[in-house]
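Below you'll find the structure, written out as structure tokens, and then a few comments.
The values are calculated or read from the model by the stated rules, or taken from the named source; none is laboratory data. Remember, predicted model here, so these are calculated numbers, not experimental data. Reconstructed Cβ throughout: ideal geometry from the backbone, glycine too, with neighbour counts over all protein chains shown. Areas reflect the complete protein model, heavy atoms only, side chains present, ligands, DNA and RNA absent. Shrake-Rupley method; radii C 1.70, N 1.55, O 1.52, S 1.80 Å.
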Amino acid sequence: MRALRLRSALAAAFVLSLALPVAAAPPSPAEHLRLPVGADRTLADWGQIVSYFRALDAASDRVEVTTIGTSTRGEEMILAAISSPENLANQRRLREVARRLADPRGLSEAEATALVGEGKAVLLVTCGIHASEIGASQMAMEWAHALATAEDAETKRRLSEVVLLLVPSLNPDGHRMEVDWYRKNLGTRWEGSRMPWLYHHYVGHDNNRDFAQLTQAETKAISRVLYHDWFPQVFLDEHQMGTSGPRMFVPPYADPLDPDIDPLVIREVNMIGSLMSMRLEQAGKSGVISAWAFDVSWPGGSKNTAWWKNVTGVLTEVASVRLATPIEVPPTELRGGGKGLVEYGPQVNFPNPWRGGTWRLRDVMDYERVASDAIHEYCATHREDVLRNMLAKARASIAAAAPGEGYRIPMAQRDPATARALAALLVEHGVEVKADSTGDAWVPLAQPYGRFVREMLEVQRFPEVKLVPGKEIVAPYDVTAWSLPLSMGVTVEKGRLPESLRPLGATGPVPSLPSGTTAVALGPESPERWKVVAAARKGGAVSILPAADGAFAAGTIVLDAAAAEAASRAAADLGLQLAPLAAAPAGAKPFRAPRVGLYKPWSASMDEGWTRFLLERYGFAPLTLDNAALRAGKLGARLDVIVLPDVDKEVIADGKPKREEGAMRYFPDPRPEYAGGLGKEGAAALRAFVEGGGTLVALGSSTEYLVEELGLPVRNALARVKGDEFLCPGGLVRLDVSPTHPVTWGLPTSVPGFLDGPLAFQTTIPGAEMTREVLAAYPADGRDVLVAGWIRGEEKLARNAAAVALTLGKGKVVLLGFRPQHRAQTNATFPFLFNSLAWSVL
């Protein structure tokens with residue numbers, strides 16, 4: 001009887017189960033988007049990618065999508081946490097375990113061992129920071145779907161041991177722009193062509209050069225994930241590269257190596273890269289190279305900065321196509337080049353070269369998928385090693401410092417506002433910063449990010465590694481100097497930590513002005529003052545001292561009471577003191593805001609973008625000027641000053657980069673509406689503008705355009721120098737400054753300037769129609785020119801100028817041969833640019 005009742009109950013349960021709704025299986029990308037993802041000439045845009053990941057989240061308990069920030073142009077930035085349902089349910093605890101292992105201070109050995117046993121490997125994978133390198137963002141959808149739906153034991157093991165943090169794009173603005181441009185040109189002769197503007201609103205390809213200064217919204221968002229929210233132990237950044245070399249780069253990296261990076265980082269990177277290359281070879285993917293091109297000496301990129309913070313940062317680079325359009329690469333076009341592969345052919349780091357043929361978006365995605373699976377496999381198989389290594393690296397960083405060793409950032413210095421900004425930047429990096437009773441900031445070295453602190457606050461000397469006997473060293477991949485105190489113009493001192501320190505405080509209340517105050521003064525020393533001036537203009541009158549007046553230096557800003565009230569919050573937040581005055585100095589002159597124009601060529605310029613970002617950030621509101629706007633003339637009616645960013649003179653003149661002798665430089669014709677440069681009309685308009693009273697400011701290479709077109713009494717002394725005689729790939733050099741000119745107000749007599757090319761001025765006596773004044777020069781003896789980084793032939797800079805001011809007709813010209821606003825990182829020399837703008841209305 002009991003058996004009969006049991007059978008009846010089971011039958012009823014079965015019938016009931018048929019009536020219940022069955023959970024829909026997570027859709028594939030192709031099913032959800034109704035799009036053959038990965039097919040030739042097919043791309044999912046950013047809205048479609050977000051839609052797919054949201055759908056996957058809704059359908060799978062292995063995927064949880066969160067918003068990590070908002071992009072520069074307002075797009076949602078998402079992160080998909082992919083792991084077992086149990087891990088996702090327990091993610092708060094797993095984050096805490098990762099945080100404690102990343103900062104093990106106070107942990108006993110028993111507690112640390114318990115955390116290693118409890119924790120999961122946290123793997124961050126980022127895609128598409130360079131938006132035209134679009135394959136990984138498409139692959140990410142397929143990878144996520146596979147992990148959400150697979151039922152095999154191996155996938156479940158990986159999901160159980162690893163929390164994968166998958167970011168489908170670190171540049172959603174650029175992703176949307178690239179897809180829109182591609183779709184617009186599909187089926188035309190411009191299919192797969194480059195856009196005539198940057199694929200990040202401000203910084204283009206340099207968005208992966210922002211991880212020291214953290215200026216961009218996207219950089220800040222992923223930095224929070226890395227060093228504040230999740231503390232991943234392993235980080236894969238997926239990229240693409242050129243078309244005519246190897247098919248894929250995976251680590252090991254090439255030399256040189258910064259010795260301050262923990263050796264465990266390098267060992268783990270090498271193991272991961274070796275597993276990737278083996279899995280790729282097993283999958284029949286030829287053309288994989290290691291120990292090539294990409295070195296381990298520069299902390300500017302996303303995964304690069306992580307090396308000094310104990311994170312195992314891994315880079316992959318896959319050969320590109322024309323976005324989603326296939327390319328044909330015959331064997332005769334395959335080339336080597338760069339350190340590690342002089343000639344294209346088999347060698348130890350490149351045992352199976354690709355032989356040429358058709359290369360598709362699907363190939364890009366497949367190579368990336370194999371490598372992504374391999375790093376996931378590594379983290380799962382070596383979960384305990386990954387966690388123990390993080391613990392060991394953090395402990396080693398702490399132990400590397402002597403007791404009480406640290407850095408002091410005094411607030412009583414020439415530019416306290418930028419000093420405060422430096423302390424705040426370190427906090428944003430996850431660095432522990434404290435304050436003493438005087439308000440000075442102290443940075444202990446005995447902390448998990450102590451290696452990073454030392455790297456960013458000390459002076460760099462690029463390691464001169466030679467692979468074979470001889471004079472040639474292994475060339476740097478990017479710049480060779482990144483000392484924050486030097487580039488920002490902040491005094492930082494090594495010292496012993498005081499006994500009593502407190503957490504670095506937030507901004508205090510706005511100080512009240514004394515009774516009887518009718519105006520306030522703001523000195524010329526800090527570039528941050530221009531933010532205060534921008535706020536002040538919204539409330540009252542702004543004046544400037546064109547000459548020293550008693551205790552006040554030339555260039556001092558004077559604000560009336562209403563302007564001071566409008567600017568008081570901004571000044572307090574920045575740490576700038578407004579000196580109260582019973583009456584404004586008699587010599588103060590009204591100072592209106594300069595009307596600023598910024599040239600934007602159709603050959604997309606990162607320096608234009610960085611300059612635009614900086615001018616907007618400091619309140620100068622630049623007007624973008626394309627070729628047509630300049631050629632139209634009558635520029636003085638709406639502008640006081642025009643800035644030409646660091647752009648080659650050939651691009652400015654006719655829109656095409658210079659063709660180097662003997663080099664293969666082919667540039668397809670752009671769409672007609674984006675073709676050409678200023679031409680003769682634009683050059684004539686610029687001359688009329690300056691002769692009529694306007695000001696032209698040229699940065700870097702664009703100085704050579706003005707010298708030629710305006711016939712200025714200046715020449716580039718290094719124009720014909722060969723690379724084996726002079727080479728400066730990006731270093732800080734000493735500038736001797738003449739501080740009495742309006743362009744140099746507030747600057748010290750010596751300042752580090754960023755130089756990244758063979759450009760130094762020789763001047764001569766001008767005709768009666770113009771004047772010239774050297775604003776800054778390289779040391780006359782040619783010695784001790786280099787402040788940080790690396791340079792060859794520094795003596796060739798001797799007795800040459802770095803910055804020159806001229807008058808021409810009724811107008812003015814400023815030539816800045818170095819990079820005063822390089823990547824918005826060189827605060828120490830921002831005044832050269834900002835003061836040039838101010839000079840236009842004085």
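Based solely on its DSSP helices, what 222 nm [θ] is calculated for the chain when runs of n ≥ 4 H residues each add -39,500 (n - 2.57) and the sum is averaged over all residues, nearest 500 deg cm²/dmol?
On the way: 25 runs with 277 residues, N = 842.
Result for the chain: -10000 deg cm²/dmol, rounded to the nearest 500.
Please compute the per residue accessible area over the range 396-487 with all protein chains in place, 1.4 Å probe, rounded to a whole number of Å². Please list the in-between numbers first.
Working: 3510 Å² over 92 residues.
Result: 38 Å² per residue.
As an exercise, use a Förster radius of 51 Å and the Cβ-Cβ distance of Thr149 and Arg569 to find the FRET efficiency, rounded to the nearest 0.05.
0.45
Using just the C-alpha positions of the range 500-556 as equal point scatterers, what log10 of I(q)/I(0) does the Debye formula give at each q in 0.25 1/Å?
The Debye formula, applied to the Cα set alone, gives -1.21.
For the chain, which whole percent of the accessible surface, found with a 1.4 angstrom probe, sits on carbon and sulfur atoms?
Its accessible area is 53 percent carbon and sulfur atoms.
Could you give the length gained on full extension between Met271 and Glu472, defined as 0.36 nm per residue of separation minus the Cα-Cα distance, in nm?
Details: separation 201, 0.36 × 201 = 72.36 nm, distance 2.97 nm.
Stretched fully, the Met271-Glu472 segment lengthens by 69.4 nm.
So for Lys538, Lys434, what's the accessible-area order with a 1.4 Å probe, most first?
From most exposed to least exposed: Lys538, Lys434.
Let me check something: with ligands and nucleic acids excluded, how do Arg388, Arg529, Arg461, Arg194 order by accessible area (1.4 Å probe), largest to smallest?
Most to least solvent-accessible, the answer reads Arg194, Arg461, Arg388, Arg529.
If you take the Cα atoms of the chain, find Rg, then find the Kirkwood Rh from the mean of 1/r over all pairs, what is Rg/Rh?
1.00
Say each of Gln762 and Thr381 gets a label point 7 Å from the Cα, pointing the same way as Cα to Cβ; how far apart are those two points in nm?
6.3 nm
Run the reach check for Lys156 against lysines, Cα to Cα strictly under 17 Å, same-chain hits fewer than 8 apart removed. What comes back?
Lys120
Tally Lys/Arg at +1 and Asp/Glu at -1 over every other residue whose Cβ is under 11 Å from the Cβ of Phe350; what's the total?
Net of charged neighbours comes to 0.
Expected output is a single nm value to one decimal: the length gained when fully extending between Arg715 and Arg93, i.e. 0.36 nm times separation in residues minus the C-alpha distance. What is it?
Full extension from Arg715 to Arg93 adds 217.5 nm.
Could you do me a favour and compute the accessible area per residue for the range 723-783, 1.4 Å probe, result in Å²?
Here the per-residue accessible area is 40 Å².
For Ile375, Ile765, what's the largest-to-smallest order of accessible area, 1.4 Å probe?
Ile765, Ile375
Ignoring ligands and nucleic acids, what accessible area does Glu458 show with a 1.4 Å probe (Å², nearest 10)?
70 Å²
FRET efficiency for Ala562 and Glu616, Cβ-Cβ distance as r, R0 = 25 Å, nearest 0.05?
Computed FRET efficiency for Ala562 and Glu616: 0.50.
Which lysines have a Cα lying under 17 Å from the Cα of Lys303, excluding residues fewer than 8 positions away in the same chain?
Lys220, Lys393
Quick query: amide H of Ala121 versus all other amide H atoms, modeled in the peptide plane; which residues come in under 5 Å with a sequence gap of 5 or more or a different chain?
Val163
Determine, for each peptide in 39-47, 513-521, 730-738, the mean count of other beta carbons within 10 angstrom over its residues, then list the peptides with the highest first.
By packing density, highest mean first, the sequence is 730-738, 39-47, 513-521.
Decide, for the range 792-842, between rounded, prolate and oblate: order the square roots of the alpha carbon gyration tensor eigenvalues as a ≥ b ≥ c, take rounded if a/c falls under 1.5, and otherwise choose prolate if a/b is larger than b/c, else oblate. Walk me through the numbers before you get to the answer.
Numbers: a/c = 3.55, a/b = 1.36, b/c = 2.61.
Judged from the Cα gyration tensor, the range 792-842 comes out oblate (a/c at least 1.5, b/c at or above a/b).
Over the range 470-517, how many percent of alpha carbon pairs lie in each 5 Å bin up to the one with the longest distance?
In order of increasing distance, the bins hold 4, 10, 8, 10, 14, 13, 12, 9, 6, 4, 4, 2, 2, 1, 0 percent.
For the range 659-738, I need the span (max minus min coordinate) of the C-alpha atoms along each principal axis, in Å, sorted largest to smallest.
The principal-axis extents, from largest down, are 42, 38, 20 Å.
Placing +1 on the Cβ of each Lys and Arg and -1 on the Cβ of each Asp and Glu in the chain, which of Thr126, Ile409, Leu574 has its Cα farthest towards the positive end of the resulting dipole?
Among Thr126, Ile409, Leu574, the one farthest towards the positive end of the dipole of the chain is Leu574.
Taking 0.36 nm per intervening residue step and subtracting the Cα-Cα distance, what contour gain separates Leu842 from Arg799 on full extension?
Full extension of this stretch gives 12.5 nm more.
Probe of 1.4 angstrom, ligands and nucleic acids ignored: what's the accessible area per residue over the range 197-302, in square angstrom?
27 Å²
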